[in-house]
Amino acid sequence: MKPAKRHQLKIYEKAMRYEGVLTKMKTELLDQVEYYLDFENDFLNLNQLLDKTISLNFLRFQCLNCGQQKKIFRQGYCYDCFSSIPQAGDWIMKPELSKAHLDQEDRDLEFEKSVQLQPHIVYLANSSNVKVGVTRKTQVPTRWIDQGAHEAIEIAELPNRYLAGITEVALKDHVSDKTNWRKMLTNDILDLNLEEEREKLKGFIPEEAKAYYLADRKETEIKFPVKQFPKKIKTLNLTKSPFYQGKLTGVKGQYLLFEDGTVFNVRAHEGFVVEIQVS
């Protein structure tokens, strides 16, 4: 999403106090990533707030599905919603469990078909180490940005989530599927030739997915708006520390980075209603 610049300036000139429910930051890949916190009526361009003091005050929970003031369980949902809605089915985290291509329902077949039966990308991303992952084609490069990857490349484009999932599972035996988030946030990274890394994995792609290999895709480089990386990390958990104030020095992945080494995972706090003040 690219907010209109006229609206962006208008919001920025308001009194710097905001209140809303947190959802994952929206992003736009330009020369460097542009980050936005999107509330119901306002949004914040976080790139404009670097070197400013920001306070976060946790007010209450609000489930992203039912909207009720119930404790968040996972992914911004209360326990009841997480246990029942199709957006939180097991196939979300484990694409190989997808069954819509077999016309088999998990929680809501119509929804599952709308998500699972569309092109998916199996990719390599380098955030702290090279890892393999899966995302919908429409989520490239958003998924890479959310993982804090400074470089990424497509391996294969599959016609559905199931084929992408079994391809990822096969490749996980030869390359990690996890990111070391601490190394990512301290910028303890290596630059690698991902085209060469992709070629090493080609022979391990399952037979039914080999025809979808992307030999001609080039590496995507991503730069993040960070003025200072933390040397020693302190994580901010709003359920344990409901108020925090610090100077914003960067944004990477789905994290806010502060001058004192505190890092705040916005994605992990989806469904938290907060008051934000900027000075």
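What follows draws every value from the coordinates through simple rules; no lab data is involved. Just so it is clear, the model here is predicted, and its values are computed rather than measured. All Cβ positions, even for glycine, are placed from backbone atoms using ideal geometry, and neighbour counts span all protein chains on display.
What is the distance, in nm, between label points placed 7 Å from the Cα along the Cα-to-Cβ direction at Gln139 and at Glu221?
2.7
Return the equivalent ellipsoid semi-axes of the stretch 45-178 as a descending list in whole Å, where each equals the square root of 5 times an eigenvalue of the C-alpha gyration tensor. Display every interim value, and only then the final one.
Values: eigenvalues 156, 118, 30 Å².
Semi-axes from the Cα gyration tensor: 28, 24, 12 Å.
Using mean Cβ contacts within 10 Å as the protection proxy, how do 130-139, 189-198 order, highest first?
Values: 130-139: 18.9, 189-198: 15.0.
Ranking, from highest mean packing down: 130-139, 189-198.
So how strong a dipole does the stretch 89-221 carry about its Cα centre when Lys and Arg Cβ are +1 and Asp and Glu Cβ are -1, to the nearest 20 debye? The partial results should precede the final answer.
Details: 19 positive and 26 negative charges, 39 e Å.
Computed about the Cα centre, the dipole is about 180 debye.
Provide the FRET efficiency to the nearest 0.05 for the Phe204-Glu110 pair, computing r from the beta carbons and using R0 = 45 Å. Could you put the intermediate results ahead of the total?
On the way: r = 34 Å, r/R0 = 0.76.
Using R0 = 45 Å, I get an efficiency of 0.85.
In which sequence would Ile72, Ile92, Ile121 go, from the one with the fewest C-beta neighbours within 10 Å to the one with the most? Numbers along the way, then the final one.
Working: Ile72 22, Ile92 15, Ile121 25.
Ordered from fewest to most neighbouring Cβ atoms within 10 Å, Ile72, Ile92, Ile121 come out as Ile92, Ile72, Ile121.
Run the simple label-point estimate for Leu117 and Gln245 please: 7 Å along Cα→C-beta, distance reported in nm.
Once both label points are built, they end up 5.5 nm from each other.
Please give the net charge around Ala88, taking every other residue with its beta carbon less than 14 angstrom from that of Ala88, where Lys and Arg add +1 and Asp and Glu add -1. Working shown, then result.
Values: positive: Arg74, Lys94, Arg107; negative: Asp80, Asp90, Asp106, Asp108, Glu112, Glu270.
Neighbour charge sum, excluding Ala88 itself: -3.
Quick check: net charge around Pro206, other residues with Cβ under 11 Å of its Cβ, Lys/Arg +1 and Asp/Glu -1? Each step should come with its number before you reach the end.
Working: positive: Lys210; negative: Glu96, Glu168, Glu207, Glu208.
Result for the local shell: -3.
Would you mind getting me the FRET efficiency between Arg74 and Glu259? Use the beta-carbon distance for r and R0 = 30 Å, nearest 0.05. Walk me through the numbers before you get to the answer.
Working: r = 30 Å, r/R0 = 1.02.
Using R0 = 30 Å, I get an efficiency of 0.50.
Which length gain, in nm to one decimal place, applies between Ser83 and Lys178 when the Cα-Cα distance is subtracted from 0.36 nm times their residue separation?
Extending this stretch completely gives an extra 31.7 nm.
In percent, how large is the relative contact order of the chain, given Cα pairs closer than 8 Å and 6 or more residues apart?
Details: 570 pairs, mean separation 78.7, N = 279.
Across the chain, relative contact order equals 28 percent.
Give me a comma-separated list of calculated 3J(HN,Hα) values for the stretch 253-264, in order, Karplus coefficients 6.51, -1.76, 1.60 applied at θ = phi - 60°, integers in Hz, x for any Gly or Pro.
3J(HN,Hα) across the stretch 253-264, in whole Hz: x, 10, 10, 9, 10, 10, 4, 7, x, 6, 10, 10.
Of His150, His101, His269, which has the largest mean-square fluctuation in a 10 Å C-alpha GNM of the chain?
The residue that fluctuates most here is His101.
In whole angstrom, how far apart do the alpha carbon centroids of the stretch 121-142 and the stretch 173-225 sit?
7
For Cα pairs less than 8 Å apart in space and 6+ apart in sequence, what is the mean separation divided by the residue count of the stretch 112-180, i.e. the relative contact order in percent? Could you put the intermediate results ahead of the total?
Working: 119 pairs, mean separation 30.4, N = 69.
It rounds to 44 percent for the stretch 112-180.
If Lys and Arg each add +1 and Asp and Glu each add -1, what is the summed charge of the other residues whose beta carbon sits under 9 Å from the beta carbon of Glu168?
Numbers: positive: Lys172; negative: Glu96, Asp177.
Result for the local shell: -1.
Quick one: among Gly203, Gly165, Gly261, which has the greatest mean-square fluctuation in a GNM of the chain with alpha-carbon springs under 10 angstrom?
Result for the chain, Cα springs under 10 Å: Gly203 fluctuates most.
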